[in-house]
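The values are calculated or read from the model by the stated rules, or taken from the named source; none is laboratory data. Note that the coordinates shown come from a computational prediction; the quantities given were computed from them, not determined experimentally. Cβ sites come from the backbone with ideal geometry, for glycine too, and all protein chains shown count toward neighbours. Heads up: the accessible areas ignore ligands, DNA and RNA and are worked out on the full protein's heavy atoms, side chains in. Shrake-Rupley method; radii C 1.70, N 1.55, O 1.52, S 1.80 Å.
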Amino acid sequence: MDYDITDLGLAPEGHRRIEWAGRRMPVLEAIRARFEAEQTFEGKRIGACMHVTTETANLMLALKAGGAEVALCASNPLSTQDDVAAALVDAGVPVYARRGEDNDTFYSHIHSVLDTEPHIIFDDGSDMTTVLHKERASQPIVGGMEETTTGVIRLRAMAEDGVLRFPVVAVNDSDTKHLFDNRHGTGQSSLDGILRAANILFAGRTVVVAGYGDCGWGIADRAKGLGADTVVVEKDPVRALSAAMNGHRVMTTDEAAPIGDVFITATGNIHVFRAEHFLSMQDGAILANAGHFDVELDLVALDRISESRREIRDNLEEYVLADGRRLLVVAEGRLVNLGAAEGHPADVMDMSFADQALAAEWIFANAEDLDPGVYVLPEELDQEVARLKLEAMGGGLEQLTPEQEKYLASWQEGT
Ligand code: NAI
């Protein structure tokens, strides 16, 4: 079997951690058991470009149990857990991913997975999809799945330009994905990344969160819960207003730059904090990014205006400005929760990857009837994932009485 990973000897540790995550993924486990019994993916090849984490490993193993031939590469050069990559190879899944790989290796790994001629692909950020359009335009693909907001934005842009050449399920847009993974998962694990890198106390600090979408909502809310004085920067008036009503101060980047102790970007946009902001920040300010690409902090500009830089702790780089002020960047400005911590906890990835697994089944079943375009998972599957998760968490769902059903369906009954 062909593969490219850091060290196969790390497999035992990877197996233990994959098992640990699997215990907190009951919905995916129920789907895995059904896939295994039905051999849902017999004779199918699946290529995945995703963060190589313990939760992704459980998804890959569920697909393999269902009869699929699966190959995996990383969706970010810094998010690969080398022990997980080793355990997957040990379990018979070709993996092409090394933590810290350079850009050329990152793309050559995408090509290695595509060389396995997958029928469908799982993507996270649309890099594999982009390669399939720019460099491998004649390779046949039945369909795909996209995990994250930034990837979905890219796909919609491709569909709008009329260039998207196969159907893709925007898994991110399922309620059981973005309302939980982006909010609770990114919220908690981004702070986890900053804590592991810098070991600071959030209480009493001014934490500036740029972007109040699902991720920013989670981050700002959790930071507030830890006792931080939270500031939100938003461009959208409704989201900015909800931040204000959720108890955060709302201001511009220019206003926030001089007062923040910690800055966290989650916009999916480019150069949110730039040279002019860095020049007004306080000594010791910490900068982190939770958005998909490492472009939200303009680190090229920061490097340009700095006299020196050094790694002061693992995943924490200190830039010293001309006047001696020190700014600290976590995980090279890449996804902080994956670069400096372990990504989202399995409990929440259970739902995201249950959605992914069901989306793969759905796209195989429906591909012949689907035109190229961006699709969302049918609502009944979304509801089913929520129902199963709630059941696993021990929550009961209210059943309506016949009288209540009738009342809700009627327009004639009033006071
Ligand atoms: P979203 O679209 O719900 O929210 C982004 C928000 O940023 C929007 O409210 C938008 O108005 C705002 N925004 C855009 N440009 C801005 C600017 N220059 N200044 C201030 N606000 C600005 O997106 P979501 O789901 O919150 O995702 C955000 C990013 O995080 C995406 O890149 C997504 O792919 C990524 N993501 C990362 C995860 C992780 O594990 N770290 C998990 C899920 C998503």
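Within region 331-342, the residues that satisfy the criterion of being open to solvent by 10 Å² or more (accessible area, probe 1.4 Å) and near the ligand (Cβ under 9 Å from one of its atoms) are Leu335, Leu338. For the residues Ala360, Ala365, Ala354, the requirement of being at pLDDT 95 or above, part of a helix (DSSP H, G or I) and open to solvent by 20 Å² or more (accessible area, probe 1.4 Å) singles out Ala365.
Suppose we filter Asp323, Asp382 for residues that are surrounded by 18 or more Cβ atoms within 10 Å (Cβ to Cβ) and away from the ligand (no atom under 16 Å from the Cβ); which single one remains?
Among Asp323, Asp382, only Asp382 is surrounded by 18 or more Cβ atoms within 10 Å (Cβ to Cβ) and away from the ligand (no atom under 16 Å from the Cβ).
If only residues of region 69-104 that are free of Cβ contacts under 8 Å to residues at least 60 places away in the same chain and either in a helix (DSSP H, G or I) or touching a Phe, Trp or Tyr at 6+ places or on another chain (Cβ under 8 Å) (or both) are counted, the one that is surrounded by the most Cβ atoms within 10 Å (Cβ to Cβ) is Ala74. Criterion applied to Glu13, Glu42 was being open to solvent by 50 Å² or more (accessible area, probe 1.4 Å), assigned to a helix (DSSP H, G or I), of a type outside the set (Ser, Thr, Tyr) and out of contact with any Pro (no Cβ under 6 Å at 6 or more places or on another chain), and the one residue passing it is Glu13. Within 21 Å of the chain's Cα centre (by Cα), open to solvent by 20 Å² or more (accessible area, probe 1.4 Å), more than 9 Å from the ligand (Cβ to nearest atom) and touching a residue at least 12 places away in the same chain (Cβ under 8 Å): is that true of Asp221 in this structure? Against the criterion (within 21 Å of the chain's Cα centre (by Cα), open to solvent by 20 Å² or more (accessible area, probe 1.4 Å), more than 9 Å from the ligand (Cβ to nearest atom) and touching a residue at least 12 places away in the same chain (Cβ under 8 Å)), Asp221 qualifies.
All of (1) in a strand (DSSP E or B); (2) open to solvent by less than 40 Å² (accessible area, probe 1.4 Å); (3) free of Cβ contacts under 8 Å to residues at least 12 places away in the same chain hold for Gly395 with one exception: (1). Residues considered: Val250, Val231. Of these, the only one that is more than 10 Å from the ligand (Cβ to nearest atom), open to solvent by 50 Å² or more (accessible area, probe 1.4 Å) and farther than 20 Å from Leu302 by Cα is Val250. The single condition among (1) of a type outside the set (Lys, Arg); (2) in contact (Cβ under 8 Å) with a residue 24 or more places away in the chain; (3) away from the ligand (no atom under 16 Å from the Cβ); (4) open to solvent by 30 Å² or more (accessible area, probe 1.4 Å) that Phe293 does not satisfy is (3). The conditions are (1) more than 22 Å from Asp371 (Cα to Cα); (2) open to solvent by 60 Å² or more (accessible area, probe 1.4 Å); (3) over 18 Å from the mean Cα position of the chain (by Cα), and Ser112 fails exactly one of them. Which is it? Of everything listed in (1) more than 22 Å from Asp371 (Cα to Cα); (2) open to solvent by 60 Å² or more (accessible area, probe 1.4 Å); (3) over 18 Å from the mean Cα position of the chain (by Cα), Ser112 misses just condition (2). If you check Leu279, Leu299, Leu226 for being more than 9 Å from the ligand (Cβ to nearest atom), closer than 20 Å to His344 by Cβ, at pLDDT 95 or above and open to solvent by 10 Å² or more (accessible area, probe 1.4 Å), only one passes: Leu226. Among the residues making up region 18-39, those that are surrounded by 20 or more Cβ atoms within 10 Å (Cβ to Cβ) and part of a helix (DSSP H, G or I) are Ile18, Ala21, Gly22, Val27, Leu28, Ile31, Arg32, Phe35.
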